[in-house]
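To start, the structure under review is shown below, and the notes come after it.
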2 protein chains.
Amino acid sequence: MEDIASIKFKKIGVIKTPYIDDAPYQPVDEDKGEFYIVIDDEYVEGLAKLGKFRYIYVIYYLDRAREETHMIINPAWIDNEKVGLFASRSPERPNPIGLSVVRIKKITGNKIFTSGLDIFDDTPLLDIKPYVKDLDSKKDSNYGWIENLKGNMEHLLLHIKGIPH
Amino acid sequence: MEDIASIKFKKIGVIKTPYIDDAPYQPVDEDKGEFYIVIDDEYVEGLAKLGKFRYIYVIYYLDRAREETHMIINPAWIDNEKVGLFASRSPERPNPIGLSVVRIKKITGNKIFTSGLDIFDDTPLLDIKPYVKDLDSKKDSNYGWIENLKGNMEHLLLHIKGIPH
């Protein structure tokens, strides 16, 4: 078997957001500024028919995440709750890969305008995949440990969705 | 800005499936064999409370994908249809990162038993994230260009879902 101790990926574009200095945990307010992906020229042809999908997965490199990771973490938006790193969306992971589901607003040339993304401006893009209804939308999905929190579920959901409140 | 021409990730575990030699495009039959993730010892603690979620995202390295990529591709399950690479789930991508939504069956120690995964045995694991109902399940998602195909939609969906038929 080949040596896969180190796996190499490359930046194929960049994600533009209004969040220059204080992105993560910042509420996503789509009225303030634009969110778009700029894909490198050599990959633009690969966007053909992407616009037929209402939603896409955006996969990116969390280049500003600290390298130090902890296997048990305290989510930023809830006090005194400790969960396993893989049961969280914390950016400080063994492999700092970010994943978001966004709505496509329009595609023009090398730019994909999307719904809000709670990430820093100029985040390196790794991949885009179509979000396919039956494959990816799970009606019977749940909220995991979040459902067991004592707080008001509706309030917690605003945090989860990144809605200002 | 740091040089991110090459981004390095590492294997944090391995995905076990019954597909030794002929995985992709193979229908997923959950009755035949087990599907489970084995996470490396140093990350096991990070699985705490993951079992509270019904679904998870599994992110992996498509280590058997050919390095040659084409920006316009012909999906394996439909003749004479050409789409952009990013509008497809083809494994031959600039960054061969795989993404699947799977159901957790049980977690015992360093093993996560899941619903079917249409990938080769021993695929390197990169990350696991919780699939959170409101964030990730989009009721108004669609089938993109697949909806425009002339074939029978129900039949095409069997292909998309990887159901033997």
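Pairing residues of region A:78-100 that are modelled with pLDDT of 95 or more with residues that are among the β-branched types (Val, Ile, Thr) and in a loop (DSSP other than H, G, I, E, B), at Cβ distances under 8 Å and at least 6 apart in sequence or on separate chains, gives A:85/A:69; A:93/A:69; A:94/A:69; A:94/B:12; A:95/B:12; A:98/A:119; A:100/A:119. Screening the candidates A:114, A:123, A:108 for the property of being at pLDDT 95 or above, more than 7 Å from every other protein chain (Cβ to nearest Cβ), over 21 Å from residue B:56 (Cβ atoms) and surrounded by fewer than 14 Cβ atoms within 10 Å (Cβ to Cβ) yields one hit, A:108. Among the residues of region B:21-58, those identified as among the charged types (D, E, K, R) and at pLDDT 95 or above are B:40, B:41, B:42, B:45, B:49, B:52, B:54. Checked against the criterion of being within 27 Å of residue A:8 (Cβ to Cβ) and in a strand (DSSP E or B), the candidates B:112, B:104, B:119 yield just one match: B:112. Any idea which residue in region A:45-65 is farthest from the other protein chains (Cβ to nearest Cβ), counting only those that are part of a helix (DSSP H, G or I) and of a type outside the set (D, E, K, R)? Of everything passing the filter in region A:45-65, A:51 is farthest from the other protein chains (Cβ to nearest Cβ).
With respect to residue B:160, determine if the residue is at pLDDT below 95 and within 16 Å of the chain's Cα centre (by Cα). Yes; evaluated as a whole, the condition is true for this residue. Looking only at residues of region B:126-162 that are more than 7 Å from chain A (Cβ to nearest Cβ) and of a type in the set (Asp, Glu), we find that the one that is nearest to residue B:8 (Cα to Cα) is B:147.
The values are calculated or read from the model by the stated rules, or taken from the named source; none is laboratory data. Just so you know, these numbers come straight off a predicted model, no measurement behind them. For neighbour counting, all protein chains shown are included, and Cβ atoms are generated from backbone atoms with ideal geometry for every residue, glycine included.
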